[in-house]
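Here is the structure we will look at.
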Amino acid sequence: MVCIRKATIDDLLAMQTCNLFCLPENYQMKYYLYHILSWPQLLYVAEDYNGRIVGYVLAKMEEESNECHGHITSLAVLRTHRKLGLATKLMNAAQNAMEQVFGAEYVSLHVRKSNRAAFNLYTETLGYKIHDVEAKYYADGEDAYDMRKQLKEKQVHHHHHHHHDHGHSHGHAHHHEHGGGCCSSVDAKVSGKKEAKAT
Amino acid sequence: MGASLPPKEANLFKLIVKSYETKQYKKGLKAADSILKKFPDHGETLAMKGLTLNCMDRKSEAYELVRQGLKNDLKSHVCWHVYGLLYRSDREYREAIKCYRNALRIDPDNIEILRDLSLLQAQMRDLTGFVETRQQLLSLKPNHRMNWIGFAVAHHLNSNASKAVEILEAYEGTLEDDHPPDNERCEHGEMLLYKISLLEECGFLERALAELHKKESKIVDKLDCKEQEVSLLLKLGRLEEGEKLLRALLFMNPDNYRYYEGLQKCVGLYSENSHFSPDEIDRLDALYKSLGQQYQWSSAVKRIPLDFLQGDRFQEAAENYIRPLVTKGVPSLFSDLSPLYDHPCKVDILEQLMLKLEHSIRTTSQYPGRAEKEPPSTLMWSLFLLAQHHDRRGHYDIALSKINEAIEHTPTVIDLYSAKSRILKHAGDLAAAAALADEARCMDLADRYINSDCVKRMLQADQVALAEKTAVLFTKDGDQHNNLHDMQCMWYELASGESYFRQGDLGRALKKFLAVEKHYADITEDQFDFHSYCLRKMTLRAYVEMLRFQDRLHSHAYFHKAAAGAIRCYLKLYDSPPKSTAEEDDDMSKLLPSQKKKMRQKQRKAEARAKKEAEEKHEESSAAGASKSGKRHVKPVDPDPHGEKLLKIEDPLLEATKYLKLLQKNSPDSLETHLLSFELNMRKQKILLAFQAVKQLLRLDAEHPDSHRCLIKFFHKARSMATPMTDTEKLVWSVLEAERPTISQLHEKSLTEGNEIFLERFKDSLLHRAAVAEMLYVLEPDRKLEAIRLIEESTNNMVPKKGALGPVRGWKLKDCIEVHKLLGTVLDDNEASLRWKVRCAECFPYSTYFEGSCSSAVPNSAYNQIRKSSENGSADHLEGGETADSLASNGRLEAFKDLTICP
């Protein structure tokens, strides 16, 4: 039904349109460019059979903190394309890449306290836990849950959900030795870059 | 820098530069002024003061000072550099490059200036210049990684990928064996993948593959490494290895269609247009059956076979595919199947299949041949599917009855209302579609998707004010009332621009279209910061792709629509310019003195009110801006919110030409581009350019009614021109004389004959007949009645079809509206236009345009009856709704309780 693949530069305009159509937190094109030109491995799209982008995940690495970790900037799936497990598939793809390419220890995200649907997805399906509450995180004054999921100690496997979740254990065994590099050095950021808020 | 100054002032000068870099502009300004007190003519100080003022929004002073400084010290590279920076800040890149070049003439090895120059060259795609500058930087600082990479990328961009490879290998030669250190593994891996992709681009496939194998352990991005390897193996024809690797990739992500496509290529079962022999279909079927067992969770393995299977096997596969998805209630099922509607045989099978399932569920609550009972929702979802099927087929009556039944079955499912809204839109009742979408919206106020869907429908129904009020419910960003524009919400701006255009409000329409154009200019500008960023970050493949994306940015559909919309506005503005003040005075003079006085008072009051509102808004935003963070840039109030100034331009055709050029460059294969070019150039009397447009139209689609119109109109106009007098006119004539025989539609025929032949070829098509009729009237105005008859004698033929639910009419609503407008305007016959309307109201009973009997335009229509009854019950909807699965919902329900604008 829907193809899950890495995003290319040509997908960015459609990703922005998808974001504007269904989420209240929006970003200018430059912020999408910043993501794909920094961590091209961490952007995934869901493309339907007509070639339309119906969902995406936009993620990044936090490079300024001590612990190398990933962060989900934005995740969206069009309302018309629910019940296909797209959000789960997109999240798994981005999380795998964070761990495999950048050696991320954990991945974080923010979610509105009132957004039960998303909260359930993160806790029940994807294994996130509440790490903290950020008061008045959103522009309209709502609080956010700061949620985290540990990536490196993967004792808990989620076999029942998606078998391809375990792509990392296939073929090449030494992925844990890789990465890390991109987190240890602080690179100059694009000037004028404002950290926009995540979903 | 700051040479020729005594030590104290030289230190102050350094302070100015430092303050500029750290954005402490006031401090810098003070230092500059104290130098200037002693040395009022010091060029570099004047220039730096100007640059500082530029950052404090004092632009004109800035330019004056920088120019003055330069004049006083033409030999200073600092002055030239500053002048360049000033231009750069205003995006005047060509001028900036000139300044940097002058600076470098004085100080050729200045690394800072060279680096700044290289960024501008990349931005402006001055690729030879870029290569030169990067070479210079490398020879000045060969121990910097960035300089090697920059030089290689420059050659790559300048179409010399093999040179780029050489440079990267030379760079690798400078590295120690144990490179990279742990903190550079990612960057180094990216560089290696970039090099391999360059080798692939050069066609050195074996070398690329060997390099990939050799460096595999140093490539961090394993997924990309594998994808790159597959691409190389396929190109090398090493299909068995490719297959093995693709199966490994599928294991990691069985939802990536590209892997399936690659796998088909490897096993020799790939075809561009999906045409396969029976034997190939057998083998494909077997392949996907085995993949399906491996990847039970993948929906791709189940969906792809529907593309190649035929007949009974298609039916079986489709049934197996559809059943569980209907049971589950997957809302996107129909859109997923819709590509199959290009194949008439499959449509018939699908229709019968859907009817069979519906019937079986309705009568037995089971799928045929199944023992288990289906849940009640299965009937609702199968009605939902059928409604969309009939909508697609143009059977709006049946579609509406199915969707109504579904809504009756379960009134809380929002998707049903959205689907009904879409059906009504297709059927031609835009107002009802908007109302339905609003009903859906009110069922879950926290879901922006249904809000956007509703806004879209409102705009289609030309309810712009209501649409904006609705959209804004989701776009409040703190103190900002409406950040749709800041967030580059282009679909919205385009849709409202189009609505304003339909309503004849050219100012507001232009405002919206130009806003979209501005977003594209901003995106082009966005790349600037990344020229240096990506070289540091080593995301080179993404960087080069980004540059190529930028090069074709303006061919994107939204830009095309915006530019075409703007051109149309300018053409309309030219054809009927707004009244000048003199003319308005003239109108006024017809009034009695007392009326005049009243009118003037009214105008003055309105102006004062508008002014006050604007000021209040300004105060509001600046106050809020200051409170939040002292530095926050306050957005200036838009001095022309309704685009009135846009209407007052001198030469609308000149403005239109600007956008036409962009379309010609970026959308040369779009019919619309050349139609607009034709219209514009005919008005500008640019005969040869108009002729070019005609030729392009014939190249793209000689059978299109509009191509025919332009061809006939063009030669008709050429014929009516005066005998050529000037040399230019004579030249134009001789070109046309020489060209006309090469046009196969005309040859030696007269225009009337050409028109008749066109009719003969396409006499069954409504739009072609209309074009012929229009041209007949243009060529011979006294044959107007004949032209009208030609249109009225068109018949709405049935398109033959053997399906279960009867034939489909051939006419499209959109086309009929176009014909109606033609009858009313060009042919200017009220009676004929009325007759047409009555006839179309019968064909399209839901059309508000034709005031069809079922449309909301008619007070007692079925629709309006339903509306009345549903309004009473609408409060119930707020309770239910399937919000649990919606990721888009963001729990804003609380916040919006007071803001509902439900009917």
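In the condition set (1) under 23 Å from B:LYS75 (Cβ atoms); (2) without any contact (Cβ under 8 Å) to a residue 24 or more places away in the chain; (3) part of a helix (DSSP H, G or I), B:LYS27 is compliant with all but (1). List every residue pair whose Cβ atoms lie under 8 Å apart, where the two residues are 6 or more positions apart in sequence or sit on different chains, the first residue falls within the range B:353-369 and is under 22 Å from B:GLY311 (Cα atoms), and the second residue, located anywhere, is part of a loop (DSSP other than H, G, I, E, B) and of a type in the set (D, E, K, R). Sorted first by the residue in the range B:353-369, then by its partner, the pairs are B:TYR367/B:GLU374.
So that you can scan it fast, the table gives a plain yes or no per residue for (1) buried (at least 19 other Cβ atoms within 10 Å of the Cβ); (2) of a type outside the set (D, E, K, R); (3) more than 29 Å from B:LYS812 (Cβ to Cβ):
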site: B:PHE691; (1), (2), (3): yes, yes, yes
site: B:VAL694; (1), (2), (3): yes, yes, no
site: B:HIS704; (1), (2), (3): no, yes, no
site: B:ASP727; (1), (2), (3): no, no, yes
site: B:LEU731; (1), (2), (3): no, yes, yes
site: B:ALA738; (1), (2), (3): no, yes, yes
site: B:THR742; (1), (2), (3): no, yes, yes
site: B:LEU766; (1), (2), (3): yes, yes, no
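Within the range B:237-254, which residues are over 25 Å from B:PHE204 (Cα atoms), of a type in the set (Lys, Arg) and outside any helix (DSSP H, G or I)? Answer for the range B:237-254, where residues must be over 25 Å from B:PHE204 (Cα atoms), of a type in the set (Lys, Arg) and outside any helix (DSSP H, G or I): there is none. Screening the candidates B:HIS485, B:HIS390 for the property of being over 30 Å from B:LEU350 (Cα atoms) and either in contact (Cβ under 8 Å) with a residue 60 or more places away in the chain or not in a helix (DSSP H, G or I) (or both) yields one hit, B:HIS485.
With the condition being more than 34 Å from the chain's Cα centre (by Cα) and surrounded by fewer than 19 Cβ atoms within 10 Å (Cβ to Cβ), I'd like the helices (runs of 4 or more DSSP H) fully within the range B:124-180 carrying at least 3 qualifying residues.
Details: elements: B:127-140, B:145-157, B:161-173.
Correct list: B:127-140, B:161-173.
Show me the helices (runs of 4 or more DSSP H) found entirely inside the range B:697-816 where at least 2 residues are among the charged types (D, E, K, R), out of contact with any helix residue (DSSP H, G or I) (no Cβ under 7 Å at 6 or more places or on another chain) and closer than 30 Å to B:PRO344 by Cβ. Reasoning before the result, please.
Numbers: elements: B:705-720, B:727-739, B:751-761, B:766-779, B:784-792.
Passing ranges, in order: B:751-761.
A Cβ distance below 9 Å, combined with a sequence gap of six or more or placement on separate chains, defines the contacts here; from the range B:181-199, residues that are over 18 Å from A:ILE36 (Cα atoms) and facing chain A (nearest Cβ under 8 Å) reach residues that are of a type in the set (Ser, Thr, Tyr) and part of a helix (DSSP H, G or I) in the pairs B:ASP182/A:SER184; B:ASN183/A:SER184. Pairs linking a residue in the range B:514-537 that is more than 7 Å from every other protein chain (Cβ to nearest Cβ) to a residue that is outside any helix (DSSP H, G or I) and surrounded by 20 or more Cβ atoms within 10 Å (Cβ to Cβ), with Cβ atoms under 7 Å and 6 or more positions apart or on different chains, are B:HIS519/B:GLN488. Candidates are the residues of the range A:28-42 that are facing chain B (nearest Cβ under 7 Å) and of a type outside the set (Gly, Ala, Ser); the one that is surrounded by the fewest Cβ atoms within 10 Å (Cβ to Cβ) is A:GLN28. Per the listing B:ARG541, B:ARG457, the residue uniquely surrounded by fewer than 23 Cβ atoms within 10 Å (Cβ to Cβ) and modelled with pLDDT of 95 or more is B:ARG541.
Within the range B:689-747, track down each residue that is of a type in the set (Lys, Arg) and either at pLDDT 85 or above or within 18 Å of B:LEU759 (Cα to Cα) (or both). The answer is B:LYS695, B:ARG699, B:ARG709, B:LYS713, B:LYS717, B:LYS730, B:ARG740. In the range B:212-237, the qualifying residues are those that are away from every other protein chain (no Cβ under 14 Å) and surrounded by fewer than 18 Cβ atoms within 10 Å (Cβ to Cβ), and the one that is nearest to A:ARG5 (Cα to Cα) is B:LYS235.
Selection of first residues in the range B:836-858 that are of a type in the set (Val, Ile, Thr) and of second residues that are part of a loop (DSSP other than H, G, I, E, B), restricted to Cβ pairs under 8 Å at least 6 apart or on distinct chains, gives the following pairs, ordered by first then second residue: B:THR848/B:GLY428; B:THR848/B:ASP429; B:THR848/B:SER855; B:THR848/B:SER856; B:THR848/B:ALA857; B:VAL858/B:GLU851; B:VAL858/B:GLY852. Taking the criterion of being within 24 Å of B:ALA387 (Cα to Cα) and surrounded by 14 or more Cβ atoms within 10 Å (Cβ to Cβ), would at least one residue in the range B:284-299 satisfy it? Looking through the range B:284-299, at least one residue is within 24 Å of B:ALA387 (Cα to Cα) and surrounded by 14 or more Cβ atoms within 10 Å (Cβ to Cβ).
When residues of the range B:831-861 are filtered for being of a type in the set (Ser, Thr, Tyr), closer than 16 Å to B:ALA432 by Cβ and more than 33 Å from the chain's Cα centre (by Cα), how many remain? It would help to see each step written out before you state the result.
Within the range B:831-861, the first condition is being of a type in the set (Ser, Thr, Tyr), and the residues that meet it are B:833, B:846-849, B:853, B:855-856, B:861.
Next, only the ones that are closer than 16 Å to B:ALA432 by Cβ stay: B:846-849, B:853, B:855-856, B:861.
Of the ones still in play, those that are also more than 33 Å from the chain's Cα centre (by Cα) are B:853, B:861.
Total satisfying the criteria: 2.
The values are calculated or read from the model by the stated rules, or taken from the named source; none is laboratory data. Since the structure is predicted, the reported quantities are computational estimates derived from the model, not experimental observations. Using ideal geometry, Cβ is built from the backbone for each residue, glycine included, and neighbour counts are taken over all protein chains shown.
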